[in-house]
Amino acid sequence: MQEILKNYSNIIQLLVGIIVGSIIGLLLPSVVPFIKPLGDIFLNLLFVAVIPLLFFAISSSVANIESNNKLGRILGTMSAVFVATIVIAAIATIIGLWIFPVTAAKDTSAAIESLATNADDTWGDKIVRFLTVGEFANLLSRQNILAFVIFSFLVGTAARKTGEDAALFVKFLNAGNEVMKSLLTLIMKFGPIGLGAYFAYQVHTLGPELFGFYAKPLAFYYIFGIVFFFTFYSIYAFVAQQKNGVTGYWKYNITPSLTALSTCSSLATLPANLDAAKKLGIPAGVANVVIPLGNTLYKNGSSISSILKIYVAFSILEWNFFEPTTLITAVGITILVSMVAGGIPNGGFIGEMLMISVYGIPNEAIPAIMIIGALVDPLATVLNATGDTVAAMLVTRFSGERFEEVKEE
């Protein structure tokens, strides 16, 4: 028993914090405004620390890859894994909705946020803003996380190509990576309090709404999502590393899952994912490239919610969702949506805008799309964030890399 408590002490503390937070959120709602700042402080510390962690993790990893062929193989395998598994999630959701159809009540009085910050922007303008920024200082904002990831990747590539002259710089990147991992370990000491406070807020805010107009679609998402989480991620882990992959993945995926559920942020879950990848024996050259890129580009939860939102919109408008062309288009939209959703809570409506534009969805169905997107966010974040680690396992398997031996701590 002492050995179990020693090995799982951090997880037990997180669970206790979340359980206490849930009880406060349900039974003492008047207390929530007073403890929510503790959750905000913890989340802000994570966001601030994650930006330099991303830079050092990606840059040092790319700089230390021996050859262009190896880097190209990792990136090519990663792209194939991302697209294939996102499509699998979309198709599985379509089959689930065909077997268990759900409907949603109209609620056109619901408040909705603005669909676009700049109505005159072309899609080309949006893509430029998504991939790049005009000022270096803007790279440091989590709102521009993909542009920052691309910049970090290019710095690592340039350091590798520079060769011997960049040896000291590469050493600096490696040292910075270790320092930032240590910093994240310190911040996570505050995790049980911070996550508990934030979870109290989530339960207090979302709890009553889950039983409103959208109970059936939300019930489908949460039931289907949980089944998908345990079934498909277990299958992916088995494909990657057989039985050891399954047991290892679920052993080390507890902390990332709790972090994602509490914060509703893939970005906040990134440090826990990197730590889990190390414990799983995923090579650093794979983990430090696939997991940060997957944080922005790989989202199974968004794939499932994208299909559900299209289905609900079609149901409200009494359109035929299961028409072949509609389904093919839905899968295509889902791939794009899953690769542009931001790694922050309730971040952006690019996917919804694309959906509305492609299908010509009228205003009466738009509230359903927005509301469902917000209410499924906790589980969607768990699926989005923890999928990055199992994707890194698959990339390790199919890129020809080998899992490293890991000594039990």
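The values are calculated or read from the model by the stated rules, or taken from the named source; none is laboratory data. Note that the coordinates shown come from a computational prediction; the quantities given were computed from them, not determined experimentally. As a convention, Cβ positions derive from the backbone with ideal geometry for all residues, glycine included, and neighbour counts pool all protein chains shown. Protein only, heavy atoms only, side chains kept; ligands, DNA and RNA dropped before computing areas. Shrake-Rupley method; radii C 1.70, N 1.55, O 1.52, S 1.80 Å.
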Between THR205 and PHE172, what is the label-to-label distance in nm when each label sits 7 Å out along the Cα-to-Cβ direction? 3.9
What order do TRP319, TRP250 take when sorted by accessible area (1.4 Å probe), most exposed first? TRP319, TRP250
Classified through the alpha carbon gyration tensor (a ≥ b ≥ c as square roots of its eigenvalues; rounded if a/c is under 1.5, else prolate when a/b is larger than b/c, else oblate), segment 192-287 comes out oblate
Label-point separation, VAL48 to SER79 (7 Å along Cα→Cβ), nm: 3.8
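Under a 1.4 angstrom probe, counting protein chains only, how are ILE223, ILE304, ILE88, ILE24 ranked by accessible area, largest first?
Highest to lowest solvent-accessible surface, that is ILE223, ILE88, ILE24, ILE304.
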How do LYS251, LYS278 stack up against each other in accessible area, from largest to smallest, with a 1.4 angstrom probe? LYS278, LYS251
Strictly over 32 Å apart at the Cα level, which of LYS216/LYS243; LYS70/LYS299; LYS171/LYS279 would you flag in this model? LYS216/LYS243
So for segment 227-321, taking the charge dipole from beta-carbon charges (+1 Lys/Arg, -1 Asp/Glu), which of PRO292, VAL239, PHE228 sits furthest toward the positive end? VAL239
Exposure of LYS161 as accessible area (Å², to 10), given a probe of 1.4 Å and all protein chains: 140
